[in-house]
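First comes the structure, then the notes that go with it.
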Amino acid sequence: MQKLLRALKEVPLRDLPWRKTRDPYKILVSEIMLQQTQVERVMPFYIRFIRQFPNARALSKAPLSKVLKAWQGLGYNRRAVCLQRSAKILSEAKVSSRLPGVGPYTKAAVEAFAYNKPTIFIETNIRTVFLYYCFGRLDISSHSVRKISDKEILPLVEKALKKSGIEPREFYARLMDLGTQLKRQGIKLNNKSVHYTKQSKFEGSYRQLRGQILRTVLEEPATLHRLIQVIARSRRDVVKTLASLSSEGVIKLKRNKFYIAG
């Protein structure tokens, strides 16, 4: 633990745009964007998105098609839909885990970074830090079969926060940057976690198909025949994906053509 606390105080903090604000809306946007997406990729999208939708009201009033266009290229478009729905609630209430797409981690992160609350949470970089500093070489060696649960790590995060003497928002920023630093040094330990899952291949995936459909429909409304023709995937896959997007309220069918809903 002492080595971890020393490393925490020595790690250089990255200059990230969402660290320059205490606005819960802007921090929520960054946290949603950072889900399963690397910091470097998120930064230009975040800057453009905030410029276009500077507050929850602006985002909640925007047409969904405009929001999806602003999100295009970032992937996991469902996040944009959930974020806009959250913005509609946010204009009237505080950040809550009942917001669409906002689970316990995102809620805790927003509370720490926006309100400086001493919430306790884990994400991938934080997990790497504690696996490296607190579980010893035997546990994290390639020959070890033991997997570490977040339940074992959470009390250590709480202990480190109390012992560090650093305010919560800076503590978590330092933890995340230390985790990034370790990974850049080739130390990648999340496969030693019980919660680790290998990301599925993107090429030919359902996720890729969702993105292709949305891109096509954003350009102009399209018939089922046109979508199958442009995307070059089976009718069954396209119909199944359209049904899913429709049930989520992302697209709608009108006069035999699919449109972005809203």
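The values are calculated or read from the model by the stated rules, or taken from the named source; none is laboratory data. Quantities reported herein were computed from a predicted structural model and do not represent experimental measurements. Positions of Cβ are generated from backbone atoms using ideal geometry, with glycine treated the same way; all protein chains shown enter the neighbour counts.
Numbers at a glance
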| read-out | value |
| --- | --- |
| Matching residues, the range 249-262, being surrounded by 15 or more Cβ atoms within 10 Å (Cβ to Cβ) and under 24 Å from the mean Cα position of the chain (by Cα) | Val250, Ile251, Ile260, Ala261, Gly262 |
| Residue within the range 166-174 that is in contact with a Lys or Arg (Cβ under 9 Å, 6 or more places away or on another chain) and assigned to a loop (DSSP other than H, G, I, E, B) present | yes |
| Any hit, the range 212-226, residues being part of a strand (DSSP E or B) and either outside the structural domain of Lys69 (by TED's automatic domain parsing) or among the aromatic types (Phe, Trp, Tyr) (or both) | yes |
| Identity of the residue in the range 213-232, surrounded by 15 or more Cβ atoms within 10 Å (Cβ to Cβ) and under 28 Å from the mean Cα position of the chain (by Cα), that ends up farthest from Pro100 (Cα to Cα) | Ile231 |
| Filter pass, Leu59 being in the same structural domain as Ser193 (by TED's automatic domain parsing), in contact (Cβ under 8 Å) with a residue 24 or more places away in the chain and touching a Leu at 6+ places or on another chain (Cβ under 8 Å) | yes |
| Exclusive hit being closer than 29 Å to Ile251 by Cβ and not in a helix (DSSP H, G or I), set Pro12, Pro44, Pro54 | Pro54 |
| Selection within the range 130-146 - at pLDDT 60 or above and over 15 Å from Gly186 (Cβ atoms) | Phe130, Tyr133, Cys134, Phe135, Gly136, Val145, Arg146 |
| Selection from the range 172-203 of residues that are closer than 22 Å to Asn116 by Cα and basic (Lys, Arg) | Arg174 |
| Residue, nearest to Leu154 (Cα to Cα), within the range 181-193, restricted to residues that are over 20 Å from the mean Cα position of the chain (by Cα) and part of a loop (DSSP other than H, G, I, E, B) | Ile187 |
